[in-house]
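Some notes on the structure that comes next.
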Amino acid sequence: MEVMKNAQMKEYSNMKVGGIAKELIFVEEKNELKEIIDTRKNIFILGNGTNTLIYDGNLDISFVSLKKLQKISVEEKNKNFDLVRVESGLDLDDLIKFMEENNYTGLENITGIPGSVGGLVNMNGGAYGTEIFDCIEEVEVCKNDGKIEKIKTKDLHFKYRTTEIKENRWIVISALFKFKFGFDHAASEDKREQRKVKHPLDLPNLGSTFKNPKGKFAARLISDAGLKGYQVGGARISEKHPNFVTNVGNATFNDVISVIEHVKEVVFEKFNIELNTEIIILK
Ligand SMILES: Cc1cc2nc3c(=O)[nH]c(=O)nc-3n(C[C@H](O)[C@H](O)[C@H](O)COP(=O)(O)OP(=O)(O)OC[C@H]3O[C@@H](n4cnc5c(N)ncnc54)[C@H](O)[C@@H]3O)c2cc1C
(Lines give C-alpha, C1' and ligand atoms only; values in the text may rest on other atoms or scores of the structure.)
Protein backbone atom coordinates (compact mmCIF):
# COMPACT_ATOMS: atom_id res chain seq x y z
CA MET A 1 0.00 0.00 0.00
CA GLU A 2 1.04 3.59 -0.52
CA VAL A 3 0.52 5.97 2.40
CA MET A 4 0.39 9.73 1.89
CA LYS A 5 0.69 11.74 5.13
CA ASN A 6 -1.01 15.15 5.55
CA ALA A 7 -3.03 14.78 2.37
CA GLN A 8 -4.82 17.85 0.97
CA MET A 9 -8.33 16.43 0.76
CA LYS A 10 -9.63 19.37 -1.27
CA GLU A 11 -7.99 17.71 -4.26
CA TYR A 12 -9.97 14.50 -3.71
CA SER A 13 -13.48 15.92 -3.44
CA ASN A 14 -15.37 17.03 -6.53
CA MET A 15 -16.61 20.03 -4.50
CA LYS A 16 -13.01 21.24 -4.07
CA VAL A 17 -13.59 21.70 -0.34
CA GLY A 18 -11.59 19.81 2.30
CA GLY A 19 -8.84 20.09 4.91
CA ILE A 20 -5.66 18.21 5.75
CA ALA A 21 -6.04 14.51 6.54
CA LYS A 22 -3.82 12.51 8.84
CA GLU A 23 -3.22 10.10 5.94
CA LEU A 24 -4.55 8.89 2.63
CA ILE A 25 -3.86 5.23 1.91
CA PHE A 26 -3.90 3.78 -1.59
CA VAL A 27 -4.64 0.07 -1.38
CA GLU A 28 -2.70 -2.03 -3.90
CA GLU A 29 -4.01 -5.46 -2.97
CA LYS A 30 -7.34 -6.34 -1.33
CA ASN A 31 -5.74 -8.34 1.52
CA GLU A 32 -4.16 -5.12 2.81
CA LEU A 33 -7.59 -4.02 4.01
CA LYS A 34 -7.45 -6.25 7.10
CA GLU A 35 -4.18 -4.71 8.23
CA ILE A 36 -5.59 -1.22 7.70
CA ILE A 37 -8.72 -2.05 9.72
CA ASP A 38 -6.68 -3.64 12.52
CA THR A 39 -4.25 -0.73 12.86
CA ARG A 40 -6.46 2.36 12.39
CA LYS A 41 -9.36 3.72 14.43
CA ASN A 42 -11.08 6.17 12.14
CA ILE A 43 -11.30 5.05 8.53
CA PHE A 44 -13.19 6.60 5.63
CA ILE A 45 -13.36 4.88 2.24
CA LEU A 46 -13.06 7.36 -0.58
CA GLY A 47 -14.05 6.70 -4.18
CA ASN A 48 -14.00 9.54 -6.69
CA GLY A 49 -15.24 12.04 -4.08
CA THR A 50 -18.20 13.02 -6.27
CA ASN A 51 -20.73 12.64 -3.48
CA THR A 52 -18.69 13.58 -0.40
CA LEU A 53 -18.43 16.96 1.29
CA ILE A 54 -15.25 16.97 3.40
CA TYR A 55 -14.70 19.26 6.42
CA ASP A 56 -12.03 21.85 5.73
CA GLY A 57 -10.20 21.80 9.09
CA ASN A 58 -7.82 19.13 10.39
CA LEU A 59 -9.11 15.62 9.78
CA ASP A 60 -8.05 12.92 12.22
CA ILE A 61 -9.09 10.33 9.65
CA SER A 62 -7.32 7.63 7.66
CA PHE A 63 -8.79 7.95 4.18
CA VAL A 64 -8.59 4.73 2.19
CA SER A 65 -8.71 4.73 -1.60
CA LEU A 66 -9.26 1.66 -3.78
CA LYS A 67 -8.52 3.63 -6.96
CA LYS A 68 -5.65 1.29 -7.84
CA LEU A 69 -8.01 -1.71 -7.97
CA GLN A 70 -9.48 -1.40 -11.47
CA LYS A 71 -9.39 -4.89 -12.98
CA ILE A 72 -12.18 -6.17 -15.21
CA SER A 73 -12.39 -9.92 -15.82
CA VAL A 74 -14.94 -12.00 -17.69
CA GLU A 75 -15.63 -14.91 -15.33
CA GLU A 76 -18.24 -16.80 -17.31
CA LYS A 77 -19.45 -16.72 -20.91
CA ASN A 78 -22.98 -17.88 -21.77
CA LYS A 79 -25.21 -17.84 -24.84
CA ASN A 80 -27.35 -14.95 -23.56
CA PHE A 81 -25.16 -13.21 -21.00
CA ASP A 82 -21.66 -12.93 -19.54
CA LEU A 83 -20.64 -12.62 -15.89
CA VAL A 84 -18.04 -9.89 -15.50
CA ARG A 85 -16.16 -9.05 -12.30
CA VAL A 86 -15.24 -5.38 -11.91
CA GLU A 87 -13.04 -3.98 -9.15
CA SER A 88 -14.39 -1.04 -7.20
CA GLY A 89 -11.74 1.53 -8.12
CA LEU A 90 -12.79 1.64 -11.76
CA ASP A 91 -14.62 4.76 -12.96
CA LEU A 92 -18.17 4.10 -14.11
CA ASP A 93 -17.19 5.84 -17.36
CA ASP A 94 -14.52 3.20 -18.02
CA LEU A 95 -17.02 0.44 -17.31
CA ILE A 96 -19.44 1.98 -19.83
CA LYS A 97 -16.60 2.09 -22.41
CA PHE A 98 -15.86 -1.58 -21.73
CA MET A 99 -19.56 -2.41 -22.14
CA GLU A 100 -19.65 -0.62 -25.47
CA GLU A 101 -16.52 -2.43 -26.72
CA ASN A 102 -17.98 -5.79 -25.70
CA ASN A 103 -21.57 -5.09 -26.75
CA TYR A 104 -22.97 -5.45 -23.21
CA THR A 105 -26.24 -3.78 -22.26
CA GLY A 106 -28.03 -2.72 -19.06
CA LEU A 107 -26.35 0.41 -17.71
CA GLU A 108 -26.68 2.86 -20.63
CA ASN A 109 -29.07 5.09 -18.61
CA ILE A 110 -26.48 5.79 -15.95
CA THR A 111 -23.82 6.90 -18.44
CA GLY A 112 -22.10 10.04 -17.21
CA ILE A 113 -22.38 9.57 -13.43
CA PRO A 114 -18.85 10.57 -12.39
CA GLY A 115 -18.48 8.07 -9.50
CA SER A 116 -16.40 4.93 -9.06
CA VAL A 117 -17.96 1.47 -9.25
CA GLY A 118 -17.43 1.09 -5.45
CA GLY A 119 -19.15 4.40 -4.70
CA LEU A 120 -22.10 3.54 -6.90
CA VAL A 121 -22.50 0.05 -5.45
CA ASN A 122 -22.27 1.40 -1.88
CA MET A 123 -25.27 3.69 -2.38
CA ASN A 124 -27.05 1.87 -5.21
CA GLY A 125 -26.54 4.88 -7.46
CA GLY A 126 -28.71 5.32 -10.50
CA ALA A 127 -30.48 7.58 -12.96
CA TYR A 128 -33.35 7.58 -15.45
CA GLY A 129 -34.99 4.50 -13.93
CA THR A 130 -31.83 2.36 -13.83
CA GLU A 131 -29.87 1.49 -10.69
CA ILE A 132 -26.46 -0.16 -10.65
CA PHE A 133 -27.92 -3.18 -8.79
CA ASP A 134 -30.13 -3.91 -11.83
CA CYS A 135 -27.10 -5.68 -13.36
CA ILE A 136 -25.29 -7.03 -10.28
CA GLU A 137 -25.33 -10.71 -9.32
CA GLU A 138 -22.90 -10.63 -6.41
CA VAL A 139 -20.70 -8.21 -4.47
CA GLU A 140 -17.38 -8.85 -2.79
CA VAL A 141 -17.04 -6.89 0.44
CA CYS A 142 -14.64 -6.53 3.32
CA LYS A 143 -16.57 -6.58 6.58
CA ASN A 144 -15.72 -4.63 9.75
CA ASP A 145 -13.56 -7.44 11.13
CA GLY A 146 -11.46 -7.50 7.93
CA LYS A 147 -13.01 -10.70 6.55
CA ILE A 148 -13.62 -10.73 2.80
CA GLU A 149 -16.94 -12.23 1.66
CA LYS A 150 -18.90 -12.64 -1.53
CA ILE A 151 -22.63 -11.94 -1.10
CA LYS A 152 -25.29 -12.75 -3.69
CA THR A 153 -27.51 -9.79 -4.57
CA LYS A 154 -30.58 -11.82 -3.59
CA ASP A 155 -29.20 -12.04 -0.04
CA LEU A 156 -28.47 -8.33 0.26
CA HIS A 157 -30.83 -5.50 1.32
CA PHE A 158 -30.83 -2.46 -0.90
CA LYS A 159 -33.31 0.21 -1.98
CA TYR A 160 -33.40 3.75 -3.38
CA ARG A 161 -29.91 5.24 -2.87
CA THR A 162 -28.93 2.98 0.02
CA THR A 163 -27.73 -0.56 0.73
CA GLU A 164 -26.85 -2.82 3.62
CA ILE A 165 -23.22 -2.22 2.62
CA LYS A 166 -23.60 1.51 3.27
CA GLU A 167 -25.54 1.02 6.50
CA ASN A 168 -22.91 -1.39 7.89
CA ARG A 169 -19.91 0.56 6.52
CA TRP A 170 -18.53 -2.47 4.68
CA ILE A 171 -15.95 -1.95 1.93
CA VAL A 172 -16.83 -2.85 -1.66
CA ILE A 173 -13.94 -4.67 -3.32
CA SER A 174 -15.62 -5.81 -6.53
CA ALA A 175 -18.98 -6.53 -8.09
CA LEU A 176 -19.99 -9.36 -10.42
CA PHE A 177 -22.13 -7.95 -13.23
CA LYS A 178 -24.50 -9.96 -15.38
CA PHE A 179 -24.52 -8.33 -18.81
CA LYS A 180 -26.82 -9.32 -21.66
CA PHE A 181 -25.82 -8.34 -25.18
CA GLY A 182 -26.74 -5.29 -27.31
CA PHE A 183 -25.19 -2.00 -26.13
CA ASP A 184 -27.55 0.87 -26.95
CA HIS A 185 -25.16 3.56 -28.14
CA ALA A 186 -27.93 6.11 -28.82
CA ALA A 187 -29.42 5.78 -25.31
CA SER A 188 -26.01 6.10 -23.71
CA GLU A 189 -25.06 9.22 -25.73
CA ASP A 190 -28.51 10.73 -25.12
CA LYS A 191 -28.04 10.47 -21.34
CA ARG A 192 -24.55 11.97 -21.56
CA GLU A 193 -25.94 14.90 -23.58
CA GLN A 194 -28.87 15.41 -21.19
CA ARG A 195 -26.39 15.71 -18.31
CA LYS A 196 -24.45 18.39 -20.21
CA VAL A 197 -27.66 20.36 -20.72
CA LYS A 198 -29.18 19.92 -17.23
CA HIS A 199 -26.20 19.87 -14.85
CA PRO A 200 -23.81 22.71 -13.96
CA LEU A 201 -20.76 20.69 -15.02
CA ASP A 202 -18.59 23.81 -15.36
CA LEU A 203 -18.48 24.30 -11.55
CA PRO A 204 -17.37 22.01 -8.69
CA ASN A 205 -20.41 20.22 -7.23
CA LEU A 206 -21.52 16.93 -5.67
CA GLY A 207 -24.52 16.09 -7.84
CA SER A 208 -27.94 15.96 -6.20
CA THR A 209 -27.68 17.38 -2.70
CA PHE A 210 -31.02 16.00 -1.45
CA LYS A 211 -32.83 12.72 -2.02
CA ASN A 212 -36.12 13.04 -3.85
CA PRO A 213 -38.93 12.79 -1.27
CA LYS A 214 -41.50 10.11 -2.18
CA GLY A 215 -43.46 11.26 -5.24
CA LYS A 216 -41.69 14.65 -5.43
CA PHE A 217 -38.57 16.14 -6.96
CA ALA A 218 -36.22 17.95 -4.60
CA ALA A 219 -35.13 20.26 -7.44
CA ARG A 220 -38.72 21.34 -8.09
CA LEU A 221 -39.39 21.99 -4.38
CA ILE A 222 -36.23 24.11 -4.11
CA SER A 223 -37.13 26.03 -7.24
CA ASP A 224 -40.76 26.57 -6.10
CA ALA A 225 -39.43 27.82 -2.76
CA GLY A 226 -37.65 30.59 -4.71
CA LEU A 227 -34.18 29.38 -3.75
CA LYS A 228 -32.48 29.18 -7.17
CA GLY A 229 -29.28 31.21 -6.93
CA TYR A 230 -29.37 31.37 -3.11
CA GLN A 231 -25.76 31.89 -2.01
CA VAL A 232 -23.68 31.90 1.16
CA GLY A 233 -20.01 32.82 0.65
CA GLY A 234 -18.81 30.69 -2.27
CA ALA A 235 -21.63 28.11 -2.16
CA ARG A 236 -24.58 28.67 -4.44
CA ILE A 237 -27.77 26.84 -5.41
CA SER A 238 -27.43 26.24 -9.13
CA GLU A 239 -29.93 28.03 -11.35
CA LYS A 240 -29.49 25.30 -13.96
CA HIS A 241 -30.31 22.46 -11.52
CA PRO A 242 -31.57 23.65 -8.12
CA ASN A 243 -30.77 20.35 -6.36
CA PHE A 244 -27.05 21.04 -7.03
CA VAL A 245 -24.97 23.24 -4.72
CA THR A 246 -22.05 24.67 -6.67
CA ASN A 247 -18.72 26.06 -5.55
CA VAL A 248 -18.56 29.41 -7.32
CA GLY A 249 -15.19 30.30 -5.77
CA ASN A 250 -13.42 29.28 -2.55
CA ALA A 251 -16.52 27.90 -0.83
CA THR A 252 -15.88 26.72 2.72
CA PHE A 253 -17.41 23.69 4.39
CA ASN A 254 -19.57 26.03 6.50
CA ASP A 255 -20.79 27.94 3.41
CA VAL A 256 -22.09 24.67 1.94
CA ILE A 257 -23.67 23.58 5.24
CA SER A 258 -25.37 26.97 5.64
CA VAL A 259 -26.92 26.68 2.19
CA ILE A 260 -28.12 23.13 2.93
CA GLU A 261 -29.64 24.11 6.29
CA HIS A 262 -31.39 27.14 4.80
CA VAL A 263 -32.90 25.08 1.97
CA LYS A 264 -34.16 22.46 4.44
CA GLU A 265 -35.77 25.14 6.63
CA VAL A 266 -37.46 27.05 3.82
CA VAL A 267 -38.77 23.92 2.06
CA PHE A 268 -40.16 22.63 5.36
CA GLU A 269 -41.80 26.00 6.17
CA LYS A 270 -43.37 26.30 2.71
CA PHE A 271 -44.38 22.72 1.93
CA ASN A 272 -44.12 20.83 5.23
CA ILE A 273 -41.70 18.42 3.53
CA GLU A 274 -38.46 17.32 5.14
CA LEU A 275 -35.51 17.10 2.74
CA ASN A 276 -32.78 14.58 3.55
CA THR A 277 -29.28 14.90 2.16
CA GLU A 278 -28.11 12.43 -0.46
CA ILE A 279 -24.51 13.67 -0.25
CA ILE A 280 -22.22 12.35 2.47
CA ILE A 281 -21.12 15.03 4.94
CA LEU A 282 -17.82 14.13 6.56
CA LYS A 283 -16.62 16.03 9.59
C1 LIG B 1 -22.21 16.04 -11.77
C2 LIG B 1 -22.69 14.89 -10.92
C3 LIG B 1 -23.76 14.13 -11.32
C4 LIG B 1 -24.20 13.05 -10.53
N5 LIG B 1 -25.27 12.31 -10.95
C6 LIG B 1 -25.68 11.27 -10.20
C7 LIG B 1 -26.80 10.47 -10.62
O8 LIG B 1 -27.41 10.69 -11.65
N9 LIG B 1 -27.16 9.42 -9.82
C10 LIG B 1 -26.49 9.11 -8.68
O11 LIG B 1 -26.86 8.13 -8.03
N12 LIG B 1 -25.46 9.86 -8.26
C13 LIG B 1 -25.03 10.92 -8.97
N14 LIG B 1 -23.98 11.68 -8.55
C15 LIG B 1 -23.34 11.42 -7.25
C16 LIG B 1 -22.15 10.47 -7.27
O17 LIG B 1 -21.47 10.47 -8.50
C18 LIG B 1 -22.59 9.05 -6.94
O19 LIG B 1 -23.22 9.05 -5.69
C20 LIG B 1 -21.45 8.06 -6.92
O21 LIG B 1 -21.99 6.80 -6.60
C22 LIG B 1 -20.38 8.40 -5.88
O23 LIG B 1 -19.25 7.66 -6.19
P24 LIG B 1 -17.82 8.12 -5.69
O25 LIG B 1 -16.87 7.07 -6.09
O26 LIG B 1 -17.51 9.49 -6.15
O27 LIG B 1 -18.04 8.10 -4.11
P28 LIG B 1 -17.45 9.05 -2.99
O29 LIG B 1 -18.06 10.41 -3.08
O30 LIG B 1 -15.98 8.97 -2.97
O31 LIG B 1 -18.06 8.32 -1.71
C32 LIG B 1 -19.45 8.32 -1.50
C33 LIG B 1 -19.77 7.31 -0.41
O34 LIG B 1 -19.46 6.01 -0.89
C35 LIG B 1 -18.54 5.37 -0.03
N36 LIG B 1 -17.64 4.56 -0.86
C37 LIG B 1 -16.88 4.93 -1.91
N38 LIG B 1 -16.21 3.88 -2.40
C39 LIG B 1 -16.55 2.81 -1.63
C40 LIG B 1 -16.17 1.43 -1.60
N41 LIG B 1 -15.30 0.91 -2.47
N42 LIG B 1 -16.72 0.65 -0.65
C43 LIG B 1 -17.60 1.14 0.27
N44 LIG B 1 -17.99 2.42 0.29
C45 LIG B 1 -17.47 3.24 -0.65
C46 LIG B 1 -17.81 6.49 0.70
O47 LIG B 1 -17.31 6.03 1.95
C48 LIG B 1 -18.93 7.49 0.86
O49 LIG B 1 -19.71 7.16 1.99
C50 LIG B 1 -23.53 12.75 -9.32
C51 LIG B 1 -22.42 13.53 -8.92
C52 LIG B 1 -21.99 14.58 -9.72
C53 LIG B 1 -20.81 15.40 -9.26
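The values are calculated or read from the model by the stated rules, or taken from the named source; none is laboratory data. The structure presented is a predicted model; accordingly, all values stated were derived computationally and were not measured. Heads up, the Cβs are rebuilt from the backbone with ideal geometry, glycines too, and the neighbour counts pull from every protein chain shown. We work out accessible area using only protein heavy atoms, side chains counted, and drop any ligands, DNA or RNA first. Shrake-Rupley method; radii C 1.70, N 1.55, O 1.52, S 1.80 Å.
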Next item on the list: Give the accessible surface of the range 72-187 per residue, rounded to a whole number of Å², with probe radius 1.4 Å and ligands, DNA and RNA excluded.
Entry: 45
Notebook entry, point to check: What is the calculated FRET efficiency for Glu239 to Tyr160, with r their C-beta to C-beta distance and R₀ = 41 Å, to the nearest 0.05?
Noted result: 0.95
Check: Using a probe of 1.4 angstrom, how much of the accessible area of the chain is carbon and sulfur, in percent?
Finding: 47
Notebook entry, point to check: Roughly how many debye, to the nearest 20, is the charge dipole of the range 139-283 about its Cα centre, given +1 on each Lys and Arg Cβ, -1 on each Asp and Glu Cβ, and no other charges?
Noted result: 440
Check: What 222 nm value per residue comes from the helices of the chain, counting each DSSP H run with n ≥ 4 as -39,500 (n - 2.57) and dividing by all residues, nearest 500 deg cm²/dmol?
Finding: -7500 deg cm²/dmol
Notebook entry, point to check: Going by accessible area, probe 1.4 Å, with all protein chains left in place, what is the ranking of Met4, Met15, Met123, largest first?
Noted result: Met4, Met123, Met15
Item checked: Antiparallel bridges, percent of DSSP beta bridges restricted to the chain (to nearest 5) -> 75
Note to self: Not counting ligands, DNA or RNA, and with a 1.4 Å probe, what is Tyr160's accessible surface area in Å² rounded to the nearest 10?
What the structure shows: 90
Next item on the list: First select every other residue whose beta carbon is under 13 angstrom from the beta carbon of Gly57; then total the charges, Lys and Arg +1, Asp and Glu -1.
Entry: +1
Check: So which lysines pass the test for Lys97, namely a Cα distance under 17 Å, with those fewer than 8 places away in the same chain ruled out?
Finding: Lys71, Lys178, Lys180, Lys191
Item checked: Which of Ile61, Ile237, Val117, positive extreme of dipole for the chain (C-beta unit charges) -> Ile237
Next item on the list: Provide the FRET efficiency to the nearest 0.05 for the Glu274-Lys147 pair, computing r from the beta carbons and using R0 = 35 Å.
Entry: 0.40
Note to self: Only bridges whose two residues both fall in the range 2-65 count here: according to DSSP, what percent of them are antiparallel, nearest 5?
What the structure shows: 40
Notebook entry, point to check: How far apart, in nm, are the 7 Å Cα→Cβ label points at Asn80 and Lys283?
Noted result: 5.1
Next item on the list: Go through Ile279, Ile72 and list them by solvent-accessible area, largest first, probe radius 1.4 Å.
Entry: Ile72, Ile279
Note to self: Suppose each label sits 7 Å from its Cα in the direction of the beta carbon; what would the Lys180-Glu11 distance come out to in nanometres?
What the structure shows: 4.5
Checklist line | Largest-first ordering by accessible area, 1.4 Å probe, given options His199, His262 | finding: His262, His199
Check: Measuring from centroid to centroid over Cα atoms, what is the spacing of the range 236-270 and the range 85-149 in Å?
Finding: 29
